[in-house]
Structure formats: C-alpha cells, structure tokens
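Below you'll find the structure, written out as structure tokens, and then a few comments.
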Amino acid sequence: MKQMHIPRRLMISGTVAAAVLAVTGLSASAQTTTTTSTTPTISSKPTSATPQMIQEACQRQRARTAKFRQYGIPERFGSEEPFTFDPSKPCP
C-alpha cells in the first residue's frame with residue numbers, strides 16, 4: 001500500500017524543487033549588475049587574535065564564571081546569553 005505513494009511523492013517533490021529553482025532564477029535575473037568600484041576587494045580571514053578580541057574573550061569568560069558562581073548552573077553549548085563588550089574595561 002505504501003509503495004503506491006512513492007511515485008506520487010517523487011513527482012510532487014520534483015515539482016516543488018523545479019518551482020523553487022524557477023523562482024530563484026527569476027529573482028537572480030531581475031537583479032542589476034552595477035559596479036561602483038573598479039578594484040576588487042579581497043577579504044582574508046584573520047590568522048591571529050587582536051588585543052581587542054582577547055579582551056572580549058576574557059570579559060565573556062568572567063561573565064560566565066560570575067553567572068556560574070551566582071546560580072550554580074554550568075553553561076551548556078549554545079546557552080550563552082547576550083553579552084555587552086566594554087572596550088574601556090581592562091581584563092588582566
């Protein structure tokens with residue numbers, strides 16, 4: 001009984017995929033290609049930490065530790081709460 005629905009599901013998923021590609025293609029072709037700069041910009045990933053990055057990491061760690069000491073709940077992955085970085089605050 002379930003095998004009868006497999007071709008129908010394949011046909012529906014193919015139709016949905018074709019529709020998504022068509023809409024994506026239309027929106028991409030509607031965009032204009034104007035350049036404001038003649039020199040290409042190449043951005044590279046930083047290979048070392050800046051002093052400001054180290055200071056921010058230190059402040060984040062201190063905030064996590066303070067929260068752990070206050071509530072006794074260790075931090076879990078993805079549970080970090082909003083953090084406000086203060087560049088004027090030193091972190092030894």
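Rundown of residues vs (1) touching a Cys at 6+ places or on another chain (Cβ under 6 Å); (2) of a type in the set (Lys, Arg), yes/no style:
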residue	(1), (2)
Thr50	no, no
Gln59	yes, no
Arg62	no, yes
Ala66	no, no
Phe85	no, no
Pro90	no, no
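Can you tell me how many residues within the range 49-63 are in a loop (DSSP other than H, G, I, E, B) and either among the hydroxyl-bearing types (Ser, Thr, Tyr) or closer than 10 Å to Pro90 by Cα (or both)?
Count: 1.
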Against the conditions (1) at pLDDT 85 or above; (2) more than 24 Å from the chain's Cα centre (by Cα); (3) of a type outside the set (Asp, Glu); (4) not in a loop (DSSP other than H, G, I, E, B), where does Ser88 fall short? Just the number, please. (4)
For the range 68-80, how many residues are within 18 Å of Ala57 (Cα to Cα) and either without any contact (Cβ under 8 Å) to a residue 12 or more places away in the chain or in contact with a Cys (Cβ under 7 Å, 6 or more places away or on another chain) (or both)? 7
Hey, can you tell me all the residues within the range 64-85 that are part of a helix (DSSP H, G or I) and out of contact with any Pro (no Cβ under 8 Å at 6 or more places or on another chain)? Arg64, Thr65, Ala66, Lys67, Arg69, Gln70, Tyr71
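The values are calculated or read from the model by the stated rules, or taken from the named source; none is laboratory data. None of these values were measured; they are calculated from a predicted model. Cβ coordinates were reconstructed from backbone atoms using ideal geometry, including for glycine residues, and neighbour counts include every protein chain displayed.
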